[in-house]
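Engineer: The structure follows.
The values are calculated or read from the model by the stated rules, or taken from the named source; none is laboratory data. Only a predicted model underlies this, so the values are computations on that prediction, with no experimental measurement involved. Reconstructed Cβ throughout: ideal geometry from the backbone, glycine too, with neighbour counts over all protein chains shown. Only protein heavy atoms, including side chains, enter the accessible area calculation; ligands, DNA and RNA are left aside. Shrake-Rupley method; radii C 1.70, N 1.55, O 1.52, S 1.80 Å.
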Protein chains: 2
Amino acid sequence: MKNEKSMEQDILEAAESLFLKKGFALTSTTMIAKAVGCNQALVHYYFRTKEKLFEAVFSLKLKIFLSSFTQIEERDISFEEKLRFKMEKHFDVLYKNQQLPFLILNELVTNPARIASIKEQIKDKIGSVFSQFAQELEREIEKGNIRPISPLDLLFSAMSLNIAFFILKPVMLETLGMDNEQFNQFALKRKEENVMTILNSLRPLKG
Amino acid sequence: MKNEKSMEQDILEAAESLFLKKGFALTSTTMIAKAVGCNQALVHYYFRTKEKLFEAVFSLKLKIFLSSFTQIEERDISFEEKLRFKMEKHFDVLYKNQQLPFLILNELVTNPARIASIKEQIKDKIGSVFSQFAQELEREIEKGNIRPISPLDLLFSAMSLNIAFFILKPVMLETLGMDNEQFNQFALKRKEENVMTILNSLRPLKG
DNA sequence: AGAAGTATTAATAGACCTATTAAATAGGAG
DNA sequence: CTCCTATTTAATAGGTCTATTAATACTTCT
C-alpha cells in the first residue's frame, strides 16, 4: 500500500515541495521531516546538511528550467515559427513548474554565492544556442522581415512576458480574486497572447 | 556632527534598506540594530515588534509603487501617447526602487496573509483607473487603431516587461557579468525598448 | 542641585533551528 | 539464532532569534 520507493526519495520530494513554496531560509529540516513523517535526524542522515539537500533539489530543477532554451529546433521552419515554438515550450515548462522562477530568484537574491555554480551549468550550452539565434535574427532583419532589434532585447522581452506571468501569479490570485483553476484557464490564453505580443512587435516598422 | 534626526528615523531607514535587500525573514532586529549602531532592544522599543516595523516600511513603499498606476494623465494626448507615458513613469518608479518588486513578491509568496491589507489599499483607486483605461482602449480598437486585445492582457504585458527587467536584474548581473553601472546604462535603452515592444504589438494586424 | 520623565542598554527567558552523537531497531547472511 | 550493516530514533549541544525586564544614562523642569 504504502509508498515503498525509499525514504531518501520521499525526503527529497518533500524538500522540493517545501523549498518551492517557502524558499531555503523559511524551510527547516524539522518541517521536512514532519512532512515525510520521519525523524528530523534522518533528513541529515541522507543529505548530511540542509545546504546539500537544497542543492540536490535545486540543480535538478534548474536543468528542467534550462532545457526549454537549450533545445534546438531541428525542423526546417521559418524564424518566426521557431520563435513561436521556443516561447511556447518555455511557457509550458514554467506552467509545469510554477513556483520555480520564484525559487530561483529568491536564492539568487538572498544567496548570490550560489549563482557561481549556476553560471557554470549555463554557460557553454547557452552560449552556442544564443549565437545561433543571433545569427538567424540578423539575417531576418537584413531581409526586412523583422524590425531592427538586438537579440538580447528580443530574448529578454520574450522571457519576461512568460516569467512575469508566473512570478505575478500570487498578485493575480489575490487582486483579481482568482482560484488556481481560473488561473490555469487564464494561462492558456496568456500563452498565445505572449507569443502574439512578441511576434507582432517584431513586424517591420513602416511598410 | 552626528545625524540628529532621531533614532526612530534611523532605525526605520536601516530597516528599509535591510528588508529590501534580504526580505523579512532574513533580516533580524539584531542586524538592524547593528546597522544603526544601537542596542537591539531599542528597535523593539520604537516599533514594538519586527512585524510592525516591517509594515511601517512596507506600506510606505507600496504607496510609492502604486502611484505610477493611479496617476491619471490629464493632458489631451492620444491613447498611444498616454500608454507611453504611463509605461515610462512605471519604469522610472521601478528604476528608483529596484529592489521593491522583489520585496513585494517575496512577502506575497511567503506571507500571503499580508496581501489582504494590500488589496484594500489598492482596490478603490485601481478600479476606477482601470475602467477608464478599458473604455479608452475599447474605443481605439473600434476605430481600428489598435488590434483587438483585452485591457487586462495589455496592462499585464506592459507591466510584465518593466517588472521582469528589474526582477531579473540579479540574473543579468551574474550571467552577463554586468556591474551596476552597466545595468543602469542598459536600463535606459530597455525603457524605450519595452515601450516600443508594446506599441508595435498593438498595431492592427492586416491593413 | 534634585526630581521626574524619556531614551538607551545589558541581561535574559523561551522558542526554534542545525547538526551531531549514541542508542534502538530492522533485516539479511552465515 | 547471531552477527553485521543499514536505517531510524531520542537526546542534546550550541547557535540565533524575538521579545521582555530591569537597570542606567540623559533631559528637562523647577
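Engineer: Go through segment B:161-179 and give me each residue that's over 19 Å from the mean Cα position of the chain (by Cα) and in a helix (DSSP H, G or I).
Structural biologist: B:Leu173, B:Glu174, B:Thr175 - these are the residues of segment B:161-179 that are over 19 Å from the mean Cα position of the chain (by Cα) and in a helix (DSSP H, G or I).
Engineer: Return the only residue of B:Glu74, B:Glu16, B:Glu8 being open to solvent by 30 Å² or more (accessible area, probe 1.4 Å), away from DNA strand C (no atom under 16 Å from the Cβ) and in a helix (DSSP H, G or I).
Structural biologist: Going through B:Glu74, B:Glu16, B:Glu8 in turn, the sole match is B:Glu16.
Engineer: Every residue in segment B:3-27 that is in contact (Cβ under 8 Å) with a residue 12 or more places away in the chain and among the small types (Gly, Ala, Ser), please.
Structural biologist: B:Ala14, B:Ala15, B:Ser17, B:Gly23, B:Ala25 - these are the residues of segment B:3-27 that are in contact (Cβ under 8 Å) with a residue 12 or more places away in the chain and among the small types (Gly, Ala, Ser).
Engineer: Checking A:Lys143 against (1) within 14 Å of chain B (Cβ to nearest Cβ); (2) farther than 29 Å from B:Asp153 by Cβ: exactly one of these is not met. Which one?
Structural biologist: Every condition holds for A:Lys143 apart from (1).
Engineer: Follow-up question, since we're still on this one. A:Ser59: in contact (Cβ under 8 Å) with a residue 40 or more places away in the chain, assigned to a helix (DSSP H, G or I), of a type in the set (Ser, Thr, Tyr) and away from chain B (no Cβ under 14 Å), yes or no?
Structural biologist: Yes; evaluated as a whole, the condition is true for this residue.
Engineer: Also: Could you tell me whether segment B:62-73 includes any residue that is free of Cβ contacts under 8 Å to residues at least 60 places away in the same chain and either at positive phi or within 16 Å of DNA strand D (Cβ to nearest atom) (or both)?
Structural biologist: There is no residue in segment B:62-73 that is free of Cβ contacts under 8 Å to residues at least 60 places away in the same chain and either at positive phi or within 16 Å of DNA strand D (Cβ to nearest atom) (or both).
Engineer: Right, another one. Scan segment B:4-53 for residues that are among the aliphatic types (A, V, I, L, M), within 14 Å of chain A (Cβ to nearest Cβ) and over 17 Å from B:Ile104 (Cα atoms) and jot them down.
Structural biologist: Within segment B:4-53, B:Met31 is the sole residue that qualifies.
Engineer: Which one is nearest to the other protein chains (Cβ to nearest Cβ) among residues in segment A:87-103 that are in a helix (DSSP H, G or I) and surrounded by fewer than 21 Cβ atoms within 10 Å (Cβ to Cβ)?
Structural biologist: A:Leu100
Engineer: In segment A:19-31, how many residues are open to solvent by less than 50 Å² (accessible area, probe 1.4 Å), in a helix (DSSP H, G or I) and either of a type outside the set (A, V, I, L, M) or within 11 Å of DNA strand C (Cβ to nearest atom) (or both)?
Structural biologist: 2
Engineer: What is the residue count in segment B:124-157 for residues that are open to solvent by 70 Å² or more (accessible area, probe 1.4 Å) and closer than 30 Å to B:Lys21 by Cβ?
Structural biologist: Result for segment B:124-157: 1.
Engineer: Further question: For segment A:190-207, which residues satisfy the criterion of being open to solvent by 40 Å² or more (accessible area, probe 1.4 Å) and either at the interface with chain B (Cβ under 8 Å from one of its Cβ atoms) or assigned to a loop (DSSP other than H, G, I, E, B) (or both)?
Structural biologist: Scanning segment A:190-207 gives A:Met196, A:Arg203, A:Pro204, A:Leu205, A:Lys206, A:Gly207.
Engineer: Next question, about the same structure. Of the residues in segment A:140-160, how many are touching a residue at least 40 places away in the same chain (Cβ under 8 Å), out of contact with any Phe, Trp or Tyr (no Cβ under 8 Å at 6 or more places or on another chain) and assigned to a helix (DSSP H, G or I)?
Structural biologist: Adding up the residues that qualify gives 4.
Engineer: Test each condition in (1) touching a residue at least 24 places away in the same chain (Cβ under 8 Å); (2) assigned to a helix (DSSP H, G or I); (3) surrounded by fewer than 17 Cβ atoms within 10 Å (Cβ to Cβ) for A:Val43 and report the one that comes out false.
Structural biologist: Going through the list (1) touching a residue at least 24 places away in the same chain (Cβ under 8 Å); (2) assigned to a helix (DSSP H, G or I); (3) surrounded by fewer than 17 Cβ atoms within 10 Å (Cβ to Cβ), A:Val43 breaks only (3).
Engineer: I would also like to ask the following. Every residue in segment A:20-37 that is at pLDDT 95 or above and within 15 Å of DNA strand D (Cβ to nearest atom), please.
Structural biologist: Result: A:Ser28, A:Thr29, A:Thr30, A:Met31, A:Ile32, A:Ala33, A:Lys34, A:Ala35, A:Val36, A:Gly37.
Engineer: Of all residues in segment A:153-188, count the ones that are closer than 25 Å to A:Lys82 by Cβ and more than 8 Å from chain B (Cβ to nearest Cβ).
Structural biologist: Result for segment A:153-188: 7.
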